[in-house]
Amino acid sequence: MVEVFKGSEALAGGGLTRARLRWNYRALFPDVYAPKEAANSLRSNTIGAWLWSRRDGVISGRAAAALHGAKWVDDDTPVEMIWRCGRPPPGIIVRNELIEDHEIVEIAGLTVTSLQRTAWDIARHMPRDIAVRHLDALANATDVKASDVLLLGERYQRARGLPRARKALALVDGGAQSPRETWLRLLLIDAGNPPPRTQIRVTDGFNEAFIDMGYDEPKVGLDYDGQYHFTDRGRYVHDIGRAELIDGQGWIDIHVVAEHTRGYILHRVGEAFSRRGYRPNLR
C-alpha cells in the first residue's frame with residue numbers, strides 16, 4: 001500500500017478491507033488515508049490534499065514553495081491550493097483564483113504553481129513578515145527573482161493583495177539562510193536603516209568567512225547565532241578562529257541571539273555606527 005491513498009479507490013481495487021482501513025490507517029482528509037504509524041509531514045499532507053481535490057487542485061503557497069525546494073516550512077502548515085471548493089476540510093486552504101496554464105508545473109506527479117506564481121501567491125496572501133520569511137527561503141533555494149514575480153501584477157491588475165505583494169517582494173533577499181536572519185534584517189530596515197548586504201565575504205587572502213549581513217562602508221556586520229553555535233563543540237571552536245579573522249579585517253561583528261531584545265540590538269548597531277563615524281541615510 002502506498003503511503004497516502006484514497007480509501008474508496010483502495011477498497012474498490014480489492015487490496016484493502018474496511019476493517020484493515022479502520023484499524024491500520026488514519027484519515028488525513030475525507031477519503032484520504034495514511035498508515036497510523038507514519039509521522040505527520042507536510043509531504044504527506046500535500047499529497048493527501050491533492051488526492052482530496054480529486055487530483056484537480058493546483059498546490060500553491062507555502063506547500064508549493066517546499067516542493068520547489070524551500071526550507072523552513074513547518075509540517076503542520078495548511079496546504080494551500082487553487083481549486084473550486086466552498087468548504088475545504090481543516091488543514092486545507094482553497095482559493096478560487098485565475099491561473100494560466102504556463103503558471104502550472106508538475107513536481108513529483110503533483111500539479112503545482114510555478115516558481116513565480118508560488119512567490120506571487122505567498123506575497124499576496126501572507127502578512128508581510130511571514131511572507132518575506134518564506135520568500136527569502138524560496139529565493140535562497142531557487143533562481144526566482146522578485147522582478148519576474150512582479151510581472152504577474154501587470155497580468156492580474158485586480159488581484160487581491162496586490163499592494164501587500166509589492167511591499168513584501170521589495171524586501172526579498174535570497175541571502176538569508178534562516179527565518180531568524182530574515183527577522184533580523186527586517187528589524188534593521190524597519191528601524192530606518194538601509195537594507196544590509198547579506199552573506200558578506202571576508203578574507204585575509206588565505207582564509208574566508210561570511211557575515212550574515214552588514215554595512216560595507218562602516219564595516220559593521222551582524223550574525224544571528226542559533227542554538228547550534230553553543231551546543232556543537234566543533235562549531236564553537238570554528239567560531240573562535242572565524243571571529244579572529246573578521247576582527248583582523250577591521251569589521252565590528254555584532255552577534256545576536258534569541259534572548260536579545262529589539263531595543264538592545266538597535267542600540268548596539270547605533271553604537272557601532274557611532275564608533276565608525278557613520279550616519280546612515282535614514283528614511
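The values are calculated or read from the model by the stated rules, or taken from the named source; none is laboratory data. Predicted, not measured: the structure shown is a model, and the values here were computed from it. Glycine gets a Cβ as well: all are built from the backbone with ideal geometry, and neighbour counts include every protein chain shown. Side chains are part of the model used for accessible areas, which takes the heavy atoms of the whole protein and leaves out ligands, DNA and RNA. Shrake-Rupley method; radii C 1.70, N 1.55, O 1.52, S 1.80 Å.
What to note about this one:
- Per-selection metrics, region 79-220 (Cα): Rg and Dmax in Å: 17.7, 61
- Choice from ALA63, ALA191, ALA168 showing the highest fluctuation, given a GNM over the chain with Cα pairs closer than 10 Å: ALA191
- Using the Cβ-Cβ distance between ALA38 and CYS85 with R0 set to 22 Å, the FRET efficiency from 1/(1 + (r/R0)^6) comes to roughly 0.30.
- The shape of region 25-64 comes out oblate: with a ≥ b ≥ c from the C-alpha gyration tensor, a/c is at least 1.5 while a/b does not beat b/c.
- The heavy atoms of ARG164 offer some 110 square angstrom of accessible surface to a 1.4 angstrom probe.
- With the convex hull of its Cα atoms as the shape, region 157-228 has an orientation-averaged projected area of 7.1 nm².
- Dmax and Rg, reported as Rg then Dmax, of the chain (C-alpha, Å): 23.0, 77
- In terms of overall dimensions, region 128-283 has a Cα radius of gyration and Dmax of 17.2, 54 angstrom.
- Pairwise Cα inverse-distance average, inverted: Kirkwood Rh of region 1-120 (Å): 14.8
- Sulfur and carbon atoms: percent of accessible area, region 144-230 [1.4 Å]: 49
- Sorted from greatest to least, the principal axis extents spanned by the alpha carbons of region 121-184 come out as 33, 23, 14 Å.
- All alpha carbon pair distances within region 54-130 were sorted into 10 Å bins beginning at 0; the resulting P(r) in whole percents reads 19, 58, 23, 0.
- For the chain, the per residue solvent-accessible surface stands at 54 Å², with DNA, RNA and ligands left out and a 1.4 Å probe.
- Calculated mean residue ellipticity at 222 nm for the chain: -12500 deg cm²/dmol, from DSSP H runs with n ≥ 4 weighted as -39500 (n - 2.57), summed, divided by the residue count and rounded to 500.
- Cα-based Kirkwood hydrodynamic radius, region 236-283, one decimal, Å: 12.5
- With both labels modelled 7 Å from their Cα along Cα-to-Cβ, the ARG275 to ALA170 distance reads 3.3 nm.
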